[in-house]
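Report on one structure; see the data block that follows.
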Ligand SMILES: [Ca+2]
Ligand SMILES: [Ca+2]
Ligand SMILES: [Ca+2]
C-alpha cells in the first residue's frame, strides 16, 4: 500500500507539468461565509486564514471560517492566505483525498497583465493544526512544492501529497492544504490586483490509484480566486473576474 502510494505520488508529480486546459468557474459571493450543501468541490484562495484550523486529533473535521476573496493591505505590508477546499464528497476508508496540485499566478501572468506587486514569501504553519492531509495520521509530504521561496514572480506551483493514512470523509470534508505569506511592494500603486489559480491543472486525487480528478468548470468543481486591494477598499460584492 505504501509503495503503491509513493508510485502514484510520483505519477501525480509528473502530471503537474502536463498542461491541460482548465476553465475557471466563478462562484459569485459576498464576503460572508458561503453555506454549501453537498455539491461541487470548492477550491478557493481564502485571503484571510482566520478561523481555518484543524483539531489534529485524528477524529474531528477541520474548521473553515469565512472564505474571503479579497484582502485589503497597505504597500509594503504582508498578509497570509490559505488555499482551501470545501465540500469534499464522501469517500470510503482507504479512498480519501491524498494529493493536490495547484498553480498561483498574479501580475504579468493574469489577463490582462497587471503590475506585479506581490511576492510570495513563505509557507507557514504546515502542521496537523492547519493541514487537512495531516489529520488521520499526521503524515504528509511535499511533491513539487516547495518551489524556492521567496517567489517574486509568477507562477508559484504547489503540490502536496499524503504519505500516510488517508483522510476519508466524513468527517474530513474541508480544510486548508496550503498556507502562505505574501508581501505587497512598497511602491505598489493603489488598486485591486488579481491573485488567482492558473489555468493549468488543479488536480486532486482520491484513492490509492486515483482517479486523478481535475478541477474544471462544470458540476464537479469550483475555483474561487483572490484579490489584493492595495490602499483601496475590497469590492463589496465580488464578481467573477
Ligand atoms: Ca477566511
Ligand atoms: Ca493523512
Ligand atoms: Ca513580485
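The values are calculated or read from the model by the stated rules, or taken from the named source; none is laboratory data. This structure is a prediction, so every number in the text was calculated from the model and none was measured. Methodologically, a virtual Cβ is constructed for each residue, glycine included, from the backbone with ideal geometry; neighbour enumeration extends over all protein chains shown.
Residues of segment 55-74 that are more than 10 Å from ligand 1 (Cβ to nearest atom) and out of contact with any strand residue (DSSP E or B) (no Cβ under 6 Å at 6 or more places or on another chain): 55, 56, 57, 58, 59, 60, 61, 74.
Determine, yes or no, whether residue 32 is at pLDDT below 95, under 17 Å from the mean Cα position of the chain (by Cα) and part of a loop (DSSP other than H, G, I, E, B).
Details: at pLDDT below 95: yes; under 17 Å from the mean Cα position of the chain (by Cα): no; part of a loop (DSSP other than H, G, I, E, B): yes.
It is false that residue 32 is at pLDDT below 95, under 17 Å from the mean Cα position of the chain (by Cα) and part of a loop (DSSP other than H, G, I, E, B).
Checked against (1) modelled with pLDDT under 85; (2) over 20 Å from residue 225 (Cβ atoms), residue 122 meets all criteria but (1).
Only one residue in 43, 98, 102 is more than 16 Å from ligand 1 (Cβ to nearest atom), modelled with pLDDT of 80 or more and either surrounded by 15 or more Cβ atoms within 10 Å (Cβ to Cβ) or within 28 Å of residue 152 (Cα to Cα) (or both). Which one?
Values: 43 fails: more than 16 Å from ligand 1 (Cβ to nearest atom); 98 fails: modelled with pLDDT of 80 or more.
Unique residue meeting the criteria: 102.
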